[in-house]
Amino acid sequence: MPSLYELQKRKDVDAIIRILRNSKNEAVRARAVEILGEIGGERAIRELINVVISDDSEMVKSSAAKSIAWADEKALKMFLEKIEGVKIKGATWVLVNYLIKALKSKDKNIRMHAAIALGRIGDDRAVPHLIDALNDKSPAVRRAAAIALGMIGNNAAVDALLKRLNDEDVEVRKAALESLTDLNLSKKDIEKVKESLKDPDPRVRELAAMVLEKGGEAAVEALLEAIEDKVREVRVTATQSLLGCLARVPVERSEVIRKKVSDKMVKAKDVAEVVIEVLDKAESGAIKKNAIWLLGQLGDPKGLEPLLKVLERGTADEKRLAATSLVKMGSNAVDRLGELIKHSDEEVRRLVCWILGEIGDIRAKEILNLALEDPSDRVRSVAFQAINKVERFNRGIS
């Protein structure tokens, strides 16, 4: 007998249906249902509908309902026609009406996946009904409703989702936070999200930290506490969100808040490693720039190589920021900077000269003398100025 994997590759719907009907293994049957959903087509969908309506296994029924919820509108229509006993005609809005009605079904699997289907369609008319579904007796339905509200992205759901942050079921709390990441939050809303940083579940705390990036200055204190969380993933996310918050702080408050952040983070354990991870993963230019800045404030030798990497490969703005942060690395950076004095990029060579001048270590003079022979006038000019700085600095010391 061919495996389900082989039958899936062949798209042999009839053979998969035979396994679904005859296997005694619940997990195998659930997987057969998933494969039918992935293959699609009328024959597969009709079998899935029959499973939802009449199968004895909750696992298999749930898997079938999920497959239908994530299928196309034709599959949804076939399903609703079967459970309603009517022919559904018309545009998508007619389908939405029937799905809203399905949210009141006695079968929790139907309620759950009607919610997901409504989220996928994205019709705002479903929002109040999905908000009602957040109070469903089934945690699975509440979770599906929370997910669906995030998919629709209507801010009318914010208050209802915030209330679910205290749900007894951890999966509902996670789904509510995931949906809040896509919605606009007020300062009052941010205060409520802060409480989730104390949740016993680390993934909930991580998601709360992610949402708090929206909070700007209002979220800084809470995120500074979260960077000392016992779970690394929470610390990394809190650090990333904190750096995102800095980009949202008004210019007139920026210096004060940055000092508060750097003063606190300098004292935190292993913070440089976390900031380096954020720098490596960050897609946001603002977060990346703030990570570069923070590595300079920390002055941890672990930050040297990541900053040199930015100096070589970053954007023009990132290179200049990295240069400023490398100055704060002091004499520890001199030897590695010397290796870049012959770099192919003129701007890198120019910045290396500037950094060495600002550091003022006497060892830099030999490196800078090499730069006096650079083919670029700009590099030679900065190298000359840097040598003068180094000499003045060391005369002052002596």
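The values are calculated or read from the model by the stated rules, or taken from the named source; none is laboratory data. Model, not experiment: these values are computed from the prediction. Positions of Cβ are generated from backbone atoms using ideal geometry, with glycine treated the same way; all protein chains shown enter the neighbour counts.
Odds and ends about this structure:
- In the set K188, K194, K163, K267, only one residue is charged (D, E, K, R), under 30 Å from D132 (Cα atoms) and either out of contact with any helix residue (DSSP H, G or I) (no Cβ under 9 Å at 6 or more places or on another chain) or in contact (Cβ under 8 Å) with a residue 40 or more places away in the chain (or both); that residue is K188.
- Of the residues making up the range 352-398, those that are modelled with pLDDT under 95 and of a type in the set (K, R) are R363, K365, K389, R392, R395.
- All conditions but one from (1) more than 25 Å from A148 (Cα to Cα); (2) surrounded by 13 or more Cβ atoms within 10 Å (Cβ to Cβ); (3) of a type in the set (D, E, K, R); (4) in contact with an Asp or Glu (Cβ under 7 Å, 6 or more places away or on another chain) apply to R111; the one that does not is (1).
- Checking each residue in the range 228-269 for being of a type in the set (D, E) and surrounded by 13 or more Cβ atoms within 10 Å (Cβ to Cβ) picks out E228, D229, E233.
- Against the test of being assigned to a helix (DSSP H, G or I), within 30 Å of E228 (Cα to Cα) and among the hydrophobic types (A, V, I, L, M, F, W, C), the options A114, A146, A156, A140 yield a single qualifying residue, A146.
- Matching residues in the range 171-187 - criterion: being of a type in the set (A, V, I, L, M) and over 16 Å from the mean Cα position of the chain (by Cα): V172, L185
- Figure legend. Inter-residue proximity from the range 120-140: first residues in contact (Cβ under 8 Å) with a residue 24 or more places away in the chain and buried (at least 18 other Cβ atoms within 10 Å of the Cβ), second residues among the aliphatic types (A, V, I, L, M) and not in a helix (DSSP H, G or I), beta-carbon distance below 8 Å, spacing 6+ or different chains. Indicated pairs: H129/L103; L130/L103; A133/L103.
- Those helices (runs of 4 or more DSSP H) lying entirely in the range 2-57 with at least 1 residues within 22 Å of S105 (Cβ to Cβ): 26-39, 42-54
- Selection from the range 247-297 of residues that are of a type outside the set (S, T, N, Q) and either in contact with a Gly (Cβ under 7 Å, 6 or more places away or on another chain) or outside the structural domain of V220 (by TED's automatic domain parsing) (or both): R248, V249, A272, I276, A286, I287, L295
Okay, residues lined up against (1) among the hydrophobic types (A, V, I, L, M, F, W, C); (2) outside the structural domain of I39 (by TED's automatic domain parsing):
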{"position": "A65", "(1), (2)": "yes, no"}
{"position": "I83", "(1), (2)": "yes, yes"}
{"position": "I88", "(1), (2)": "yes, yes"}
{"position": "W93", "(1), (2)": "yes, yes"}
{"position": "Y98", "(1), (2)": "no, yes"}
